[in-house]
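Heads up, the thing below is written out as structure tokens.
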Amino acid sequence: MNSQSDAPGKAPAPSMRRRSFLRSSAIFGAGAAALAASLKPLMDLEKFTSTEEFLQKHYKEMSPADMAKVLARISREVEKQYDVRPHVRDLRPMDGVEFVYALNLTRCIGCRKCVHACVAENNQSRSPEIQYIRVLKMPHGSLDIEKSDHNYDPEKVPEKGFFYMPVQCQQCENPPCVKVCPVNATWQEKDGITVIDYDWCIGCRYCMAACPYGARHFNFAKPSIPKERLNPEMAYLGNRPRKIGVMEKCHFCVQRTRTGRYPACLEVCPAGARKFGNILDPESEVSKILSTKRVFIQLKEELGTSPRFFYYFDV
Amino acid sequence: MNDPKKIRLALTTLGVVFAALVISFSLDLWGRVEPVRQLPLVDEEFLQPQTWRRSYADLVKKEDEDELLAFSCYECHEEGKKLELTYDKDNHVVVPDEHENIVMGHGSHGRNNDCFNCHNSENLLVLQTRDGHSLKFEESTQLCGSCHGPTHRDWEHGSHGRTSGYWDRSKGEYHKQDCVNCHNPHSPKFPQRAPAPRPNHLRVNPVATAHFGESNTH
């Protein structure tokens, strides 16, 4: 930048002045362009976090008016990105409800329909792929996860000599993932669902490391969802689209279950292996199962996480 | 260091470096991970919550008159005439060619192979239990339950079978599927089916991906 201030002051000869001006302005122009270009990644940041979102309060500190603004912002952002006007709601836990899931291992045939129905319902990224449910194939007579395989791809299922065990977030009563979160971006709600505030998550992945079930998933890349497959029925703590760099996990389809409906994985299961309901209601399906079925297990119960996800067998 | 030549040289070098940076940034020559591989979308068929089959009772409920005809027994059978069954030498019932879509396979023991264990031999529009009760096709769950007691009990509690709609009955409709909406009454065991695609794990390194694809048997 020296040459620029020198040029008008000394003024040796008109031709020299012009040439040096041209040269210095060319250099200056190139420098400015390079600076702008090198700041390009910073400009991209606006795509990830708007000022409005940056200044947003923690979920639990938001007033209804704040929440209304946030929902409007999310709705606007989703519409801009996907050309679909979503119906975003903030659904709170219902009174006198504690959710429990029960899965009949005798019935599961390993067809993975639940995996993909979940992806469709909860707007998970298709490329790279994020799936909340992992179906483990295990040889009969064991319950050893070390021997399991979730990449099975035979022509037909179920295969002889194997059973299938879908694993997803176990909605622990004592969730290790919540304890390790340094920013309180994830917590357990009173209906038993452990939720994530995607706007509060800093993406440190401590929870991913802490979860013994591999239930937490990180958006390593910008999630991509085809417009025509976007589910417009959304909840703030549920299936609204996520950003790069945040965690996500199964939330028992809060956008469905907190309005009284069954989760998507249950409705699609062709074998009727999945059961869901309110454990506080003695007449609910899950209450009947836990009180009358002979065998049921909690996965890795020795860890003391006390899952709300039970596996049972028909005898 | 006040030599104007040196200053000029330095500035020119800097200019070239900046220009190179501009080009490299604008063309994304560095600092970017390789683009994410676009995975094929899963077939919509795997996302459908419908049951695998539809019961006779559900099918005849259809409004479409033309489709109904195909299901009326008395289009072919003579009304009021008692039907006779034929058996092969292994004492298995011979399914007539007109009913070629029926595969008899009820029970691994193979003993439940008589049409009139469940159908009424004199009135084809009703079912009948072994103790002689006549049941409409819509009431088939009771017929199934007359032999499969514990399963019927579980079905009533909702621990066996498919449910859909609202777990909270006060908020909306709750729907429970009949036995025959999932099980084929003539061969109730679930046939094997093609599974939905396996997961595609995030792997940046193509070599790792190549090996990963083969490790299917561990």
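The values are calculated or read from the model by the stated rules, or taken from the named source; none is laboratory data. The structure presented is a predicted model; accordingly, all values stated were derived computationally and were not measured. Positions of Cβ are generated from backbone atoms using ideal geometry, with glycine treated the same way; all protein chains shown enter the neighbour counts.
Looking at (1) at pLDDT 65 or above; (2) part of a loop (DSSP other than H, G, I, E, B), which one does A:PRO12 not meet, given that it meets all the others?
Condition not satisfied by A:PRO12: (1).
Which number in (1) touching a residue at least 60 places away in the same chain (Cβ under 8 Å); (2) at the interface with chain B (Cβ under 9 Å from one of its Cβ atoms) marks the one condition that A:LYS288 misses?
Going through the list (1) touching a residue at least 60 places away in the same chain (Cβ under 8 Å); (2) at the interface with chain B (Cβ under 9 Å from one of its Cβ atoms), A:LYS288 breaks only (1).
Residues are listed down the side, and each one gets a yes or a no for (1) within 14 Å of another protein chain (Cβ to nearest Cβ); (2) farther than 30 Å from A:ARG274 by Cα; (3) at pLDDT below 85:
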site: B:ASN2; (1), (2), (3): yes, yes, yes
site: B:ARG32; (1), (2), (3): yes, yes, yes
site: B:GLN38; (1), (2), (3): yes, yes, no
site: B:VAL42; (1), (2), (3): yes, no, no
site: B:ASP58; (1), (2), (3): no, no, yes
site: B:GLU75; (1), (2), (3): no, yes, yes
site: B:HIS99; (1), (2), (3): no, yes, no
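Select from the stretch B:116-151 the residues that are assigned to a helix (DSSP H, G or I) and within 17 Å of B:SER55 (Cα to Cα) and list them in ascending order.
Once the filter is applied, which keeps residues that are assigned to a helix (DSSP H, G or I) and within 17 Å of B:SER55 (Cα to Cα), the stretch B:116-151 yields B:PHE137, B:GLU138, B:GLU139, B:SER140, B:THR141, B:GLN142, B:LEU143, B:CYS144, B:GLY145.
Among the residues of the stretch B:164-177, what is the count of those that are under 16 Å from the mean Cα position of the chain (by Cα) and in a loop (DSSP other than H, G, I, E, B)?
Adding up the residues that qualify gives 1.
Would you check if B:HIS109 is at pLDDT below 90 and out of contact with any strand residue (DSSP E or B) (no Cβ under 9 Å at 6 or more places or on another chain)?
For B:HIS109, the condition - at pLDDT below 90 and out of contact with any strand residue (DSSP E or B) (no Cβ under 9 Å at 6 or more places or on another chain) - is met.
Hey, among A:LEU143, A:LEU91, which residue is modelled with pLDDT of 95 or more, closer than 30 Å to B:GLY158 by Cα and in contact with a strand residue (DSSP E or B) (Cβ under 8 Å, 6 or more places away or on another chain)?
Result: A:LEU91 is the single residue among A:LEU143, A:LEU91 that is modelled with pLDDT of 95 or more, closer than 30 Å to B:GLY158 by Cα and in contact with a strand residue (DSSP E or B) (Cβ under 8 Å, 6 or more places away or on another chain).
Taking the residues in the stretch A:178-192 that are among the hydrophobic types (A, V, I, L, M, F, W, C) and out of contact with any helix residue (DSSP H, G or I) (no Cβ under 7 Å at 6 or more places or on another chain) as candidates, determine which candidate is surrounded by the fewest Cβ atoms within 10 Å (Cβ to Cβ).
Residue satisfying both the conditions and the ranking: A:VAL183.
Got a number for residues in the stretch A:94-136 being at the interface with another protein chain (Cβ under 9 Å from one of its Cβ atoms), within 22 Å of B:SER159 (Cα to Cα) and β-branched (Val, Ile, Thr)?
Qualifying residue count for the region: 4.
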